[in-house]
Amino acid sequence: MQLVINGLVIGSIIAITAIGLSMIYKTLNFVNFAHGDFVAFAAYIALFANASLGMHLASAFLVAILATIVLGIFMEKVVWHPMRRKNASRTTLIIISIGLALVLRNTLIFIWGGSTRNYNIPVRRGFEFFGATIAPNQVLVIISAFILVFALHCLLSRTKIGKSIRALSDNIDLARISGIDVDRVILWTWVIGLGLAAAGGVLYGLVTAIRPDMGWYLLLPMFAAVILGGIGNPYGTIAGGIVIGLSQELSTAILPTEYKFAVSFVVMTLVLLLKPEGIFGGAK
Amino acid sequence: MIEYVDMLLPYITTILLISSIYAIFSLGLNLEWGFTGLINFGHVAFLAIGAYTTVMFNMSGFSLFVSVIAGIVLSGFFGLLLGIPTLRLREDYLAIVTIGFSEVLRFILLNEQWLTRGPFGIHGFDRPLQDVIPYQYYNTFLLILYLMILVIVYFALERLIRSPWGRVLKSIREDEEVSSALGKNVFWYRLQSLMIGSAIAGLAGAMLAFYISYIDPNTFKPIETFHAWIIIILGGTASNKGTIVGALVFCTFLSVTQFTSRFLPFTAHQMGAFRMIVIGLLLIILMMHKPEGIFGKKEELALSD
């Protein structure tokens with residue numbers, strides 16, 4: 001039971017952070033290896049606002065999301081948009097994203113050092129639930145993830161920008177000739193994707209220690225969730241994230257905890273071998 | 001003056017030794033990326049497999065020659081294993097799976113202490129001709145040996161690339177549909193390229209182990225893979241000569257920055273991070289403005305789909 005709860009918590013974090021990865025993957029047609037480091041960046045901004053500036057964690061949460069989005073828009077303007085205009089291939093973009101990942105992560109190490117940190121918040125006792133101990137932070141994570149997913153669903157299905165985003169990820173050329181302002185919608189995709197990643201990063205900092213490489217180690221589970229759910233399918237990605245989170249935690253019942261990370265690798269490789277279009281995705 | 005020469009010579013030997021190991025390691029990646037267009041972000045895994053296999057075979061009583069061959073073969077075999085699920089799919093899957101594999105492998109090396117001694121690392125294995133060569137000349141001997149290996153690997157690769165096999169590789173890189181329309185089995189050619197590239201990395205792993213005479217899992221962090229990427233892109237994608245020059249330039253840069261760090265107001269920790277920031281920025285800027293590298297040819301670029 002404890003493992004199931006832990007799995008749900010980590011699974012919902014993987015789910016909301018991976019949505020952005022999946023959307024960018026489909027819309028811009030490249031894997032953003034820096035995505036995990038945006039997650040860590042958000043956790044550190046929240047840490048800075050909370051522990052150094054003394055802000056309440058809720059406002060630190062918003063500051064972190066805002067800062068991550070600003071950084072994302074900056075990168076779109078300075079790197080991704082010019083590279084698209086040059087018609088750069090996706091292999092070029094992938095290598096650039098690896099470079100960006102190195103820069104981001106090591107900037108965090110440069111400023112805050114490599115050691116682990118925690119938010120400045122009171123430690124509260126967990127409560128018992130069917131023999132498992134649940135920390136209040138874990139409940140907070142699950143509820144927040146649920147709200148975010150619901151908000152995303154409304155955005156994608158009800159608003160004009162949400163529909164444009166979906167149209168773009170379906171077929172970018174078709175979207176362009178039907179009069180959608182592609183660059184504006186791509187900007188929105190970054191905003192939503194990185195906003196969710198940032199929210200996930202701050203929440204992740206609540207249930208684990210904040211380290212510069214926290215996002216890097218989240219990258220593989222995120223990829224696994226994206227591939228499991230079918231690339232570009234936000235609902236598949238959410239389901240994939242929960243599945244990966246659960247299987248990671250449940251694996252600790254039979255394997256040493258160090259191999260949690262390997263579980264997502266094995267799951268991902270199996271999916272690629274057997275059903276590369278994803279389990280929840282259908283043919284793409 | 002004499003004292004300076006006495007100090008300088010071992011220093012230059014060290015730089016050249018490290019450069020030759022990196023050069024061979026990167027030549028393997030250049031075959032995969034430069035000539036075939038495969039994105040391998042876990043190249044360091046094959047360096048690790050080569051090093052650990054060689055050392056462990058030697059510790060269980062095999063001769064050095066057999067051990068090195070075992071390391072090369074096993075690295076190539078793992079290249080095959082990783083290629084099978086990924087090379088039929090888009091190029092980015094190989095990138096994801098290889099980078100995941102290199103990290104999972106490092107965890108295994110760290111945790112399976114009965115096999116690898118985990119974080120304590122392995123030392124006390126044989127080095128080539130260690131009983132014959134006097135200790136003070138050992139690095140000079142190793143350098144001559146490694147330069148000979150580098151020359152052999154270089155010419156073997158050049159021949160391979162100019163062969164009909166190599167032309168098929170390049171044609172796949174340029175347009176895989178044309179090659180498959182001409183009846184070439186694209187998947188199989190890619191798999192062969194990945195296997196050979198990984199086997200070369202395995203050889204570099206054995207060489208690294210002999211040089212530092214001690215290996216532990218943290219020798220094989222993901223950053224080593226990106227060192228090789230920088231070397232290739234600096235030297236010019238799809239140029240074996242460029243890769244060797246790139247390795248020399250990069251290794252000199254690394255060791256020179258170790259000196260200049262005294263003049264910067266950073267802690268050792270910050271210096272390490274600073275160097276990685278420079279490497280990351282270099283990757284971004286080179287890919288944005290000069291993707292063919294400093295010595296590369298623009299026509300030889302796998303970047304236009």
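Here are a few things to note about the model shown:
- Only Cα pairs under 8 Å and 6+ residues apart enter the sum, and on that basis the relative contact order of chain B stands at 34 percent.
- Listed pairs A:Lys260/B:Lys184; A:Lys77/B:Lys184; A:Lys86/A:Lys160; A:Lys260/B:Lys170; B:Lys184/B:Lys221 exceeding 31 Å between Cα atoms: A:Lys260/B:Lys184; A:Lys77/B:Lys184; A:Lys260/B:Lys170; B:Lys184/B:Lys221
- Residue-averaged [θ]222 nm for the protein assembly as shown, counting only DSSP H segments that reach four residues, each worth -39500 (n - 2.57): -24000 deg cm²/dmol
- At least 10 Å² accessible surface lost relative to isolated chain, residues of segment A:240-259 (1.4 Å probe): A:Glu258, A:Tyr259
- Here segment B:124-221 is treated with +1 on each Lys and Arg Cβ and -1 on each Asp and Glu Cβ, and its dipole about the Cα centre works out to around 240 debye.
- Surrounding net charge for B:Phe120, when Lys and Arg each add one and Asp and Glu each subtract one, Cβ distance under 14 Å: -1
- Cα-based shape type of the protein assembly as shown, given that a ≥ b ≥ c are square roots of the gyration tensor eigenvalues and the cut on a/c is 1.5: prolate
- Pairwise label distance in nanometres, A:Lys77 with B:Phe155, each label 7 Å out on the Cα-Cβ vector: 5.7
- Put simply, chains A and B cover up around 3900 Å² of each other's accessible surface, both sides summed, when a 1.4 Å probe is used.
- Measuring nothing but protein heavy atoms, the accessible surface of segment B:14-64 at 1.4 Å probe radius is 76 percent carbon and sulfur.
- Of the DSSP H helices in chain A, those that are both long (alpha-carbon extent of 30 Å or more along the helix axis) and hydrophobic (Kyte-Doolittle mean at least 0.0) are A:2-28, A:90-112, A:136-158, A:182-207.
- Building the convex hull from the alpha-carbon atoms of segment B:17-221 and averaging its projection over directions returns 11.4 nm².
- Neighbourhood net charge (14 Å Cβ-Cβ; Lys/Arg +1, Asp/Glu -1) for A:Asp213: +3
- Computed from point charges on the beta carbon alone (+1 for Lys and Arg, -1 for Asp and Glu), the dipole magnitude for chain B about its Cα centre is near 200 Debye.
- Relative contact order (%) - segment A:2-274, alpha-carbon pairs under 8 angstrom, separation at least six: 41
- Within the full protein context, the accessible area of A:Ile121 is estimated at about 60 Å² for a probe radius of 1.4 Å.
- Each other residue within a Cβ distance under 10 Å of B:His43 adds +1 if Lys or Arg and -1 if Asp or Glu, for a net charge of -2.
- For chain B, the longest principal axis of the C-alpha atoms and the axis of helix B:164-174 are separated by about 70°.
- Rolling a 1.4 angstrom probe over the protein heavy atoms with all chains in place gives segment A:2-274 an accessible area of 40 Å² per residue.
- Of all the options A:Ser164, A:Ser22, A:Ser178, the one that moves most in a Gaussian network model of chain A with Cα springs shorter than 10 angstrom is A:Ser178.
- Between 0 and 90 degrees, the angle of helix B:64-86 with respect to the longest Cα principal axis of chain B falls at about 40 degrees.
- Accessible area per residue was computed with a 1.4 Å probe on protein heavy atoms; B:Leu264 scores about 70 Å².
- Gyration tensor verdict on segment A:20-175 (Cα atoms; rounded if a/c is under 1.5, prolate if a/b is larger than b/c, oblate otherwise): oblate
- Along the axis of the charge dipole computed for segment A:143-228 (Cβ charges of +1 for Lys and Arg, -1 for Asp and Glu, origin at the Cα centre), the listed residues A:Pro221, A:Ile177, A:Leu156 are led at the positive end by A:Leu156.
- Solvent accessible area, Å² - B:Tyr146, 1.4 Å probe, full protein context: 0
- Averaging the sequence gap over all C-alpha pairs within less than 8 Å and six or more residues apart, then dividing by the number of residues, gives segment B:73-202 a relative contact order of 46 percent.
- Surface accessible to a 1.4 Å probe, per residue, for the residues of chain B, Å²: 45
- Here's the picture: charge each Lys and Arg Cβ at +1 and each Asp and Glu Cβ at -1 in the protein assembly as shown, and of A:Ala88, A:Trp188, A:Ser52 the one pushed furthest to the positive end of that dipole is A:Trp188.
The values are calculated or read from the model by the stated rules, or taken from the named source; none is laboratory data. All figures in this text were calculated on a predicted structure; none of them were measured in a lab. Counting neighbours? That spans all protein chains shown, and the Cβs are built from the backbone with ideal geometry, glycine included. In case anyone asks, the SASA skips ligands and DNA or RNA and just uses the protein heavy atoms, side chains included. Shrake-Rupley method; radii C 1.70, N 1.55, O 1.52, S 1.80 Å.
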